[in-house]
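What follows is one structure encoded as structure tokens, with my remarks underneath.
The values are calculated or read from the model by the stated rules, or taken from the named source; none is laboratory data. Just so it is clear, the model here is predicted, and its values are computed rather than measured. Neighbour counts are summed over all protein chains in view; Cβ atoms, including those assigned to glycine, are modelled from backbone coordinates with ideal geometry.
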Amino acid sequence: MAVPPNRPARPASPLLLAPRDMPKRRTGAVAGRAALLHAVAHIEFNAIDLAFDLIARFSALLGDRGPEFVDDWIGVGADEAKHFLMLEERLASYGMAYGDLPAHDGLWDAAMATQADLKARLAIVPMVLEARGLDVTPDMIRKFEKAGDEAAAQALQTIYRDEITHVAAGTKWFAAECEAQGLPPVPTFQALVRQYFKGNLKPPFNDAAHRQAGLLPQFYQNSID
Ligand SMILES: [Fe+2]
Ligand SMILES: [Fe+2]
């Protein structure tokens, strides 16, 4: 089985900073919107690596279902690359490029913490972090619409629609893993979140989008107290 590197290759920029050292992002102003697009581009950049790390690290463990797993996550990885390129284009409309601002260095932590357990990886990355994207993206879309940046609002709308399918893929493979191991999905998910996710799951949740992805409300109920 292939073992991917612990940290994927990174371009010389952006400068990666610890979350506490990140400059405060302004909102409303043009520079604030550009900084927001830069932050989302960085998330998408990491998401490309996360999709392919998942394939390299875990597909060989899935036996007969390996090819289906690879197909699903190659599709996700292709979406993430498309998202990154769309955001690069939007950044260019602000006279900026990816790498012009510092970026958050904590995004790979979840990948490292869960590198030995497929269930944990699926619980934390698609079912918590990408689901969180579904919670916050509608507000972001409204922010860009209000500012008259229709192109950015549309790019985020495409991302939002695609991310529902990523959460769905995560939820589907999580259920398959639980079934294979004879584990009940909801309590297993909640135990993994407690073990691997730093911080709380923050409501309000976008229940409608979670549901569309098959992530039923009971997964998040009483999960973190
Ligand atoms: Fe994405
Ligand atoms: Fe995604």
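Okay, residues lined up against (1) among the β-branched types (Val, Ile, Thr); (2) within 16 Å of ligand 1 (Cβ to nearest atom); (3) not in a loop (DSSP other than H, G, I, E, B):
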{"residue": "Ala120", "(1), (2), (3)": "no, no, yes"}
{"residue": "Val136", "(1), (2), (3)": "yes, yes, yes"}
{"residue": "Gly148", "(1), (2), (3)": "no, no, no"}
{"residue": "Tyr160", "(1), (2), (3)": "no, yes, yes"}
{"residue": "Val167", "(1), (2), (3)": "yes, yes, yes"}
{"residue": "Phe189", "(1), (2), (3)": "no, no, yes"}
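All of (1) touching a residue at least 12 places away in the same chain (Cβ under 8 Å); (2) closer than 30 Å to Ala180 by Cα; (3) part of a helix (DSSP H, G or I) hold for Phe84 with one exception: (2). Taking region 48-73 as the range and being more than 12 Å from ligand 2 (Cβ to nearest atom) and free of Cβ contacts under 8 Å to residues at least 40 places away in the same chain as the test, the residues that pass are Ile55, Ser59, Leu62, Gly63, Asp64, Gly66, Pro67, Glu68, Val70, Asp71. On inspection, Gly63 passes the criterion of being more than 15 Å from ligand 1 (Cβ to nearest atom) and either at pLDDT 95 or above or surrounded by fewer than 16 Cβ atoms within 10 Å (Cβ to Cβ) (or both). Taken together, the residues in region 79-118 that are under 18 Å from Phe52 (Cβ atoms) and within 16 Å of ligand 1 (Cβ to nearest atom) amount to 11.
Taking region 103-122 as the range and being over 16 Å from Phe58 (Cα atoms) and within 15 Å of the chain's Cα centre (by Cα) as the test, the residues that pass are His104, Asp105, Gly106, Leu107, Trp108, Asp109. Of the residues examined, Phe144 is one that is surrounded by 13 or more Cβ atoms within 10 Å (Cβ to Cβ), more than 20 Å from the chain's Cα centre (by Cα), of a type in the set (Phe, Trp, Tyr) and assigned to a helix (DSSP H, G or I).
Cβ separations smaller than 6 Å between residues 6+ apart or across chains give the following pairs from region 181-204 residues that are modelled with pLDDT of 95 or more to residues that are among the aromatic types (Phe, Trp, Tyr): Val186/Phe219; Phe189/Phe219.
Considering the conditions (1) within 13 Å of ligand 2 (Cβ to nearest atom); (2) more than 30 Å from Glu145 (Cα to Cα), Val76 is excluded by exactly one of them, (2). Taking region 88-102 as the range and being within 22 Å of Ala153 (Cα to Cα), not aromatic (Phe, Trp, Tyr) and not in a helix (DSSP H, G or I) as the test, the residues that pass are Gly95, Met96, Ala97, Gly99, Asp100, Leu101. May I ask you to verify whether Met127 is out of contact with any Gly (no Cβ under 8 Å at 6 or more places or on another chain), in contact (Cβ under 8 Å) with a residue 60 or more places away in the chain and either buried (at least 21 other Cβ atoms within 10 Å of the Cβ) or not acidic (Asp, Glu) (or both)? No; evaluated as a whole, the condition is false for this residue.
Consider Ala153 carefully, then state whether it is part of a helix (DSSP H, G or I), hydrophobic (A, V, I, L, M, F, W, C) and more than 13 Å from the chain's Cα centre (by Cα). So Ala153 fits the description; yes. When region 2-33 is limited to residues that are surrounded by fewer than 20 Cβ atoms within 10 Å (Cβ to Cβ), assigned to a helix (DSSP H, G or I) and within 21 Å of the chain's Cα centre (by Cα), the one that is farthest from ligand 2 (Cβ to nearest atom) turns out to be Arg20.
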